[in-house]
Structures are given as structure tokens and as C-alpha cells.
Amino acid sequence: EERLVQSGGGSVQTGGSLRLSCTARGYYWCVAWFRQAPGKEREGLARINDDDDAYYADSVKGRFTISRDDAKNTVYLHMTRLKPEDTAMYYCAAGTSACGLDRRFYEYWGQGTQVTVSS
């Protein structure tokens, strides 16, 4: 069975919004969102710890918001003012060690969901 199950994603016009969800089987003190476009490295976007301390990459700061609902073991990524360059496969990740935007910190990964932004 999957440790992290993602939902959301899809296609949207430039300037639109989407919300991604990641539900965990169990509690993880650090959860993050990454994305990867074809031919590019996986990019850390946002992370949140058990104190709701959030941190963002410059590429999404001010447009994306990460939040968590511990009662539901769910983390969200609210994406607004989407641009074509946001098109990628998006992944959630969870870990028990250092909390940051480096993929090496994370032990568990969601299955990924495609986000496509068109003009």
C-alpha cells in the first residue's frame, strides 16, 4: 500500500488556480512538495513542519501556499496565478529527519500528479 496518496492536479489556463492534496498513512513531522518537468531536475517548492513553519522556493513564493491538517493527516498545496512554466509532475514527500527543499531529506514519496498550465 502507498504511504502517501496524492489527489488534485489537472489542466488550467494561465492565471488560474489548483489545489493539490497529499494524505499520509501515519504522521510525518515534515512534508514537502516537489515538481519535475521533462529534462529538468526535481525542484523543491515548499515544505512545512509540525509547527506549521513553512518555507518556499523563490520560483513559487507569493503564489503557492502549503498547509497541513493534522486531524486528517493531509497536506495541501494551493497554487494561484499559475504560469506555463509551472507545468510539471508534482510530488509530495514526507520525512522524519531534516526539513528542507533537498530531496535527500525525504523517505516517502507520493505517486505524482500532472499539472499542465496553458496559455
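Worth a mention:
- Applying the criteria of a DSSP loop state and at most 11 other Cβ atoms within 10 Å to the GluC sites (Glu not before Pro) of the stretch 1-96 yields GLU1, GLU41.
- Taking chymotrypsin sites (Phe, Trp or Tyr not before Pro) across the stretch 1-80, the ones in a DSSP loop with at most 11 further Cβ atoms lying within 10 angstrom of their Cβ are TYR27.
- 1.4 Å probe accessible area per residue over the chain, in Å²: 52 Å²
- Difference of contour (0.36 nm per residue) and Cα-Cα distance, ARG19 to LYS72: 17.5 nm
- Computed across the chain, the Kirkwood radius stands at 14.0 Å (inverse of mean 1/r, all Cα pairs).
- Each other residue within a Cβ distance under 15 Å of TYR90 adds +1 if Lys or Arg and -1 if Asp or Glu, for a net charge of +4.
- The fraction of accessible area contributed by carbon and sulfur in the chain is 46 percent, rounded to a whole number (1.4 Å probe; ligands and nucleic acids excluded).
- Gain in span if fully extended, SER119 to ASP51, counting 0.36 nm per residue against the direct Cα distance: 20.7 nm
The values are calculated or read from the model by the stated rules, or taken from the named source; none is laboratory data. What you see is a predicted model, and the numbers here were worked out from it, not measured in a lab. Please note: Cβ atoms are built from the backbone with ideal geometry, for glycine as well, and neighbour counts cover all protein chains shown. These accessible areas exclude ligands, DNA and RNA; they are computed on the full protein's heavy atoms, side chains included. Shrake-Rupley method; radii C 1.70, N 1.55, O 1.52, S 1.80 Å.
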